[in-house]
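So the structure is just underneath, and the comments pick up after that.
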Amino acid sequence: MSRPDLEQLLPDAEADVRPSREGAAARRALIAHPAVLFIGIVLASLNMRAALASVSPLIGEISSTFGLSSTASSLVTSVPVLFLGVGAMIAPWLARRFGTEAVLLCALILLGVGILVRVLPSVFALYGGGVLAGTAIALLNVLMPGLIKRDFPDRAASMTSVYTGAMIGGATLCAAASVPLEKAFGNSWQASLACWSLLAAVAAVAWLPQVLITRGRTGHEVRVTPAGAGPARSIWRSALAWQVTLFMGLQSLWSYVLIAWMPTIFTDHGMSRSTAGVIFAFNNLVQVAGAFGVPLLAGRMRSQRPLIVLVTSMVAVGYAGLMIAPVSGAWLWSAVLGVGQGGAVGLALTLIVLRSGDAQTAARLSGMAQTVGYLLAAVGPLTAGAVYQATGSWTLPIALVLGVCAAALVVGLFAARDRKVQAAG
């Protein structure tokens, strides 16, 4: 599939509506301020992984503060991931009802509030803040691709690269800075985490002009297809749609296990927390290579099976390295895992587009894949923490993730066939 086709089918949460006259005027008013749009997209994207990546290097201190077991600690990262799936279900409705700009602004405000709630002196606030943060990130995840397609139709691919790079850059910054910030604030993990609410606040301020420009002119009054018709019901009965969805979920699962536990795996084997945080940041950074390169290759191939084998094998090798030589090979395993992780998520998102015959199917498949995929992914950190608590070793949890890699390989080979999801019947 050519690049123009990929841009045309970029998943869009608002694919089944077209702008009214007032909405079209709002779009023209926004596009007249491209710098405002660009800055808003970059700043919002920086926040899309920050609240997740900033926690992992500090999970030991958080657990000590509240006396949490490994299983309970895993919920600190599992709860936000769970609500990535829940939030994905409501994002399209909110965008159609209130407008994408307004929903994105509210998501950034909600994210900042969730980060602050998470550092209150209560274990319930710790988890409750995760609920708010996960829901906010879900709204950003689902709505950003469609917004880019709508406002940058001739530069969708390049702008997608910008927002993906900013997203990974934000995660890298947070992972690297969390422990130094904790030390700078007198060994306060609460202050370290709270700092990232400022990043959300700055992004919210950047989105405010866009909301004001489009105020009262959301442009969602005219629906192209009747609500609840045809594909919205039938896509859940498609075997191919489930194969794409399961690959999305399984690759998300192995990634969120690393987000939750990679620094802990290193520190449990004697590495300092600062070094573990830097290596974790490096893992996030090198994901850029896979996230950019693999989708470009996938769009030029009729079958993406070789890429499925490549990314799952890299992730499996990296995890096996963490089991065999976690400290001596830490930088190598982090690099291999990073390229594999970035390639896998890029491939999963590209498969949504390549297996869809039109923009509406792409939007609905994206919603299904993100909803089910993130609900499945939330099981990963929780299970890994529980098994580690039961065995006192990371060997069995990592072995289970290697089983996930094998399952992803099998389902991915089916999802990578040159076929289309049938929109009806």
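The values are calculated or read from the model by the stated rules, or taken from the named source; none is laboratory data. Here the structure is a predicted model, which is why all the values come from computation and not from measurement. Neighbour counts are summed over all protein chains in view; Cβ atoms, including those assigned to glycine, are modelled from backbone coordinates with ideal geometry. What goes into the accessible areas is simple: the full protein's heavy atoms, side chains included, and nothing from ligands, DNA or RNA. Shrake-Rupley method; radii C 1.70, N 1.55, O 1.52, S 1.80 Å.
Please state the shape class of the chain: rounded when a/c is under 1.5, otherwise prolate if a/b exceeds b/c and oblate if not, all from the C-alpha gyration tensor.
Oblate is the answer for the chain, as a/c is 1.5 or above yet b/c matches or exceeds a/b.
On a 1.4 Å probe surface of the protein chains, which of Trp236, Trp333, Trp189 comes out largest in accessible area, and what is the full order?
Highest to lowest solvent-accessible surface, that is Trp236, Trp333, Trp189.
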Q) By its C-alpha gyration tensor, with a ≥ b ≥ c as the square roots of the eigenvalues, how is the range 124-199 shaped: rounded for a/c under 1.5, else prolate for a/b larger than b/c, else oblate? A) oblate
Q: Could you please put Val336, Val179 in sequence from largest to smallest accessible area, using a 1.4 Å probe?
A: Val336, Val179
**Q.** Most mobile of Gln341, Gln190, Gln287 in a GNM of the chain (Cα contacts under 10 Å)
**A.** Gln190
Q.
From the helices alone, meaning DSSP H stretches of at least four residues, give me the mean residue ellipticity at 222 nm for the chain, per-run term -39500 (n - 2.57), in deg cm²/dmol to the nearest 500.
A. -26000 deg cm²/dmol
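Charges at C-beta only: +1 for Lys and Arg, -1 for Asp and Glu. How large is the resulting dipole of the chain about its Cα centre, in Debye rounded to 20? Working shown, then result.
Values: 27 positive and 15 negative charges, 194 e Å.
Computed charge dipole of the chain: roughly 940 debye.
Would you work out if the range 271-345 is rounded, prolate or oblate? Take a ≥ b ≥ c from the square roots of the eigenvalues of the alpha-carbon gyration tensor; rounded if a/c is under 1.5, else prolate when a/b is larger than b/c, oblate otherwise.
It comes out oblate by the Cα gyration axes.
Given a Förster distance of 41 angstrom, what is the FRET efficiency for Met89 paired with Leu120, based on the Cβ-Cβ distance and rounded to 0.05?
Calculated value: 0.90.
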Q) Using the Kyte-Doolittle scale, which helices in the chain average at least -0.5 and also have C-alpha atoms spread 20 Å or more along the helix axis, with helices defined as whole DSSP H runs? A) 70-98, 100-118, 123-151, 156-184, 196-213, 239-268, 273-298, 305-324, 330-354, 359-377, 395-415
(Q) Using amide H atoms built in the peptide plane, which far-off residues or other-chain residues are under 5 Å from Val421 H to H? (A) Ser356, Gly357
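Rank-order 414-421, 114-121 by packing density, defined as the average count of other C-beta atoms within 10 Å over each peptide's residues, highest first.
Top of the packing list down: 114-121, 414-421.
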Q. With the contact rule set at Cα under 8 Å and sequence spacing of 6 or more, what percent relative contact order holds for the chain?
A. 28 percent
